[in-house]
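Take a look at the structure set out below.
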Amino acid sequence: MDEDAQFLNDFQTGVLPFEQWTHRAHIRMAYLVYKSSNNFEEGLLKIRQGIQNFNSLHASKLKVGFHETMTQFWTTMVWNAIQKCDSSILNSNDFIDRNNHLLDSSLWKQYYSPTLMFSPDAKRNFTPPDLKLISIDALHTTN
């Protein structure tokens with residue numbers, strides 16, 4: 001099993017140590033899930049379910065928990081970055097190296113005010129940005 005497959009398996013089975021579930025790990029997981037998904041919506045569903053499953057397995061260590069709007073924001077950013085990549089991307093680390101703007105965990109602040117992002121409704125349900133629009137880039141083959 002290669003490094004990416006092992007990472008994704010460890011995440012999906014919950015054996016990835018909680019301390020390794022960093023922002024970078026979230027981006028890496030989203031990239032790997034989208035690379036094996038047919039479209040944005042399918043990948044989003046898998047990502048959402050994966051995070052919720054991982055969180056349930058590590059519930060005692062959580063401080064915040066699942067956040068729907070934050071999840072959809074970051075999955076959109078990863079999806080859009082994938083759409084701009086060429087076939088020379090070999091693995092998740094290569095993807096992240098070429099899209100290191102995704103490692104800026106405060107990127108969402110360009111699109112959302114903290115008041116909106118941290119509202120109870122945005123945590124439960126997707127809420128569109130209030131500062132700058134974000135769209136899902138047009139589909140092209142990602143496999």
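The values are calculated or read from the model by the stated rules, or taken from the named source; none is laboratory data. These numbers come from a predicted model, not from an experiment. A quick note on method: Cβ atoms are made from the backbone with ideal geometry, for glycine too, and the neighbour counts reach across all protein chains shown.
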Residue hits (segment 7-34; of a type in the set (Ser, Thr, Tyr) and more than 14 Å from Gln49 (Cα to Cα)) are Thr22, Tyr31
Q.
It is to be established whether one or more residues within segment 115-134 are at pLDDT below 95, under 24 Å from Thr13 (Cα atoms) and either out of contact with any His (no Cβ under 9 Å at 6 or more places or on another chain) or not in a helix (DSSP H, G or I) (or both).
A. no
